[in-house]
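Report on one structure; see the data block that follows.
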Amino acid sequence: MTPRTQSQPPLLGRTALVTGASRGLGRAIAEALSTAGAAVALVARDEARLQEVAAGIRAHGGRAEVFVADVSDEAAVRSLGVEYQKRFGDRCDILVNNAGINIRKPLVEFSLEEWNRVLDSNLTSVFLMCREFVPRMTGHGYGRILNLTSMMSHISLPGRTAYSSSKTALLGLNRALALELAPEGITVVGISPGVCDTEINTPLMQNPELRESILSRIPVGRFGQPPEIAALAVHLCREESGFITGTDIVIDGGWTAQ
Ligand SMILES: NC(=O)c1ccc[n+]([C@@H]2O[C@H](COP(=O)([O-])OP(=O)(O)OC[C@H]3O[C@@H](n4cnc5c(N)ncnc54)[C@H](OP(=O)(O)O)[C@@H]3O)[C@@H](O)[C@H]2O)c1
């Protein structure tokens, strides 16, 4: 990468792949990385929504490419790698594993299929994506892997056995992978949001009592907003953040401080 001047965006010349970029936190992260100068690969299953995000980025002069893929599916991730190569070549600087789902109910009501769906979507997808894209990150002295963990990686609530299990396991993946990749200048960091205003929380937001009860537990008195998570992601991608690795950053309005 050519040295940049003070006035240049911090991620100019970088390529970033963001999973779950069709909405919510992933969308905000992709938009913020683009504003910071990166060319972005947008990945999710809903093509129409991805195209809408891409159009918005292009309207602001950024480069965005759409890739439709189920990141929990091994063959789909392999095909994604092939498609990515055609459009971006063999280099990926930033990988944001953001795609994820939640199924909330008591453990005894989980089918094995539901349990596996949560683990596959939130944990195995990260393994598959890292295995596919780490080879495109090595050899350049810079790389960033940001994995969306959760406040539920650190504390939990009833009905979150599958989700908490998947997100807590990611802490271990992040630590081990950070150690593997540290000599390459590739950092691996978890971002643990608290409760944010996105579709994953629709079941909570649509229940007025539940919404108020959750809100009352957030010390700052409001839900997190996607641009707040995105700003942290951009910060972690800067050259100056190369000493932050193998750790997890909680951004939860103070919930876990209680
Ligand atoms: N919002 C919160 O309060 C919060 C708190 C802590 C952690 N997180 C984590 O932050 C991440 C983003 O959450 P969000 O709030 O933005 O959720 P969201 O609004 O429900 O968005 C989830 C995104 O993931 C994509 N996705 C899900 N499964 C996928 C799969 N198998 N393959 C490809 N894409 C998939 C969805 O796109 P398609 O449906 O188009 O595929 C969508 O773009 C998740 O990992 C979540 O667990 C969120």
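Every residue in the stretch 183-207 that is assigned to a strand (DSSP E or B), within 15 Å of the ligand (Cβ to nearest atom) and either more than 19 Å from Gln258 (Cβ to Cβ) or at pLDDT below 95 (or both), please.
Answer for the stretch 183-207, where residues must be assigned to a strand (DSSP E or B), within 15 Å of the ligand (Cβ to nearest atom) and either more than 19 Å from Gln258 (Cβ to Cβ) or at pLDDT below 95 (or both): Val189, Gly190, Ile191.
Being within 11 Å of the ligand (Cβ to nearest atom) and either farther than 17 Å from Asn122 by Cβ or in a loop (DSSP other than H, G, I, E, B) (or both), is that true of even one residue in the stretch 208-215?
yes
Which residue, of Ala41, Ala76, Ala28, is under 22 Å from Val134 (Cα atoms), within 16 Å of the ligand (Cβ to nearest atom) and crowded, with 23+ Cβ neighbours inside 10 Å?
Among Ala41, Ala76, Ala28, only Ala41 is under 22 Å from Val134 (Cα atoms), within 16 Å of the ligand (Cβ to nearest atom) and crowded, with 23+ Cβ neighbours inside 10 Å.
Can you pull out the residues in the stretch 89-103 that are crowded, with 17+ Cβ neighbours inside 10 Å and farther than 17 Å from Val126 by Cα?
Scanning the stretch 89-103 gives a single hit, Ile103.
Here is a check on your reading of the model: is Thr256 touching a His at 6+ places or on another chain (Cβ under 9 Å) and either of a type in the set (Phe, Trp, Tyr) or touching a residue at least 40 places away in the same chain (Cβ under 8 Å) (or both)?
Spelling it out, Thr256 is indeed touching a His at 6+ places or on another chain (Cβ under 9 Å) and either of a type in the set (Phe, Trp, Tyr) or touching a residue at least 40 places away in the same chain (Cβ under 8 Å) (or both).
Before we move on, is Gly61 in a loop (DSSP other than H, G, I, E, B) and closer than 24 Å to His235 by Cα?
yes
Right, Ala21: modelled with pLDDT of 95 or more, outside any loop (DSSP other than H, G, I, E, B) and not charged (D, E, K, R) or not?
So Ala21 does not fit the description; no.
Determine whether Gln51 is at pLDDT 95 or above, within 13 Å of the ligand (Cβ to nearest atom), farther than 25 Å from Val189 by Cβ and not in a loop (DSSP other than H, G, I, E, B).
Judged against the criteria, Gln51 is a match.
Check every one of the helices (runs of 4 or more DSSP H) wholly within the stretch 67-167 and list those with 3 or more residues that are over 16 Å from the mean Cα position of the chain (by Cα) and over 27 Å from Leu232 (Cβ atoms).
74-88, 112-119
The values are calculated or read from the model by the stated rules, or taken from the named source; none is laboratory data. This structure is a prediction, so every number in the text was calculated from the model and none was measured. FYI the Cβ positions are ideal-geometry reconstructions off the backbone, even for glycines, and counts take in every protein chain you see.
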